[in-house]
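Below is one structure, written out as structure tokens, with a few remarks after it.
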Amino acid sequence: MSQPNPDLFDQENLALAAARSTFESDTASSAQYREALGELINCYERLLRETSRLIRRSDREEFEMNQLNNRLNELASELEYRATHDALTNALNRGAVIAKANQIIRSQGLAIIVLDIDFFKQVNDSFGHLVGDKVICGVVEAVERCLPESGLVGRVGGEEFTVLLQDSDYTQAFTIAEHIRAEIAGWDFSLPQPRQITASFGVSWTPAGASFSIAYGAADEALYKAKKAGRNRVMRADQL
């Protein structure tokens, strides 16, 4: 049968009891006083050492815990970023675009630009998918250069992108889309052979509280009309 663990301060309690007994004794000798005092000193020094060790250990564990919490926060941020951003371009992904648009449109008007790279399949067929990926990244970079601070861009399909403009009306959104169109058309994509890359655009605007799906559908319809009209152009949904 196992014996119970001794009390943590058994040694100190014994030394304290012996010192108290010596102090209360009328017949204790100086040698007994010195012995009792020596035991108390030894116990006190041991307690100081143990306390210092425990403090160091506590500080180390607190530091390690803080490091772990920081890493967990970093991982959570990385996971959130990966869940909301396109892995190739670092633009918002389709789900994040829809979520952000619905969040904005609940309280304010929203302009939507939908753009599609013209004849992108020919780029992949001519130069390969690695060059195609380079073109996609270049388009996102060109778009970002033209956006106001509050503008957001997302990749919602292979070569299709959506821009959200929460502080723009139809006229401003159309002007921004034209700026993006010109930026892409003049962009140096450093292709293996000379070739101009262009994009077609559809623009819509919807007031606060309206349906995002209807607003997106209107911009997409305008994009379709831009392609039918010859590509490399911007069409407004309200002017179809």
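Numerical summary
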item: Helix-derived mean residue ellipticity, 222 nm - over the chain, DSSP H n ≥ 4, -39500 (n - 2.57), to 500; result: -20000 deg cm²/dmol
item: At 0.692 mPa s and 37 °C, Stokes D of the range 158-240 from Kirkwood alpha-carbon radius, µm² per second; result: 242 µm²/s
item: Average accessible area per residue (Å²) across the chain - probe 1.4 Å, nucleic acids and ligands excluded; result: 62 Å²
item: Where GluC sites (Glu not before Pro) fall in DSSP loop in the range 118-227, at most 12 other Cβ within 10 Å; result: E149
item: By accessible area with a 1.4 Å probe, ligands and nucleic acids excluded, highest first: order of S29, S204, S21; result: S21, S29, S204
item: Alpha-carbon radius of gyration plus Dmax, which is the widest Cα pair, for the range 92-132 in Å; result: 15.7, 46
item: Unit Cα scatterers, Debye sum, the range 191-234: log10 I(q)/I(0) for q = 0.13, 0.14, 0.16, 0.19 Å⁻¹; result: -0.39, -0.43, -0.51, -0.62
item: 5 Å-binned pair-distance histogram of the range 118-160 (Cα, whole percent); result: 5, 21, 27, 21, 14, 7, 4, 1
item: Protein accessible area in the chain, 1.4 Å probe - carbon and sulfur %; result: 52 percent
item: Along principal axes, Cα extents of the range 98-221, largest first, whole Å; result: 47, 22, 21
item: Residues with amide H under 5 Å from that of T198, placed H, sequence gap 5 or more; result: D118
item: DSSP-loop trypsin sites (Lys or Arg not before Pro) across the range 151-201, with at most 16 other Cβ within 10 angstrom; result: R195
item: Over the range 1-152: Rg over Rh, Cα atoms, Kirkwood Rh; result: 1.54
item: Alpha carbon convex hull of the range 24-87, volume per residue in cubic angstrom; result: 59 Å³
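The values are calculated or read from the model by the stated rules, or taken from the named source; none is laboratory data. Remember, it's a predicted structure, so these values are computed and weren't measured experimentally. When we count neighbours, we look across all protein chains shown, and the Cβ atoms used for this are built from the backbone with ideal geometry, even at glycine. Just so you know, the surface numbers come from the protein's heavy atoms only, side chains and all, with ligands and any DNA or RNA stripped out. Shrake-Rupley method; radii C 1.70, N 1.55, O 1.52, S 1.80 Å.
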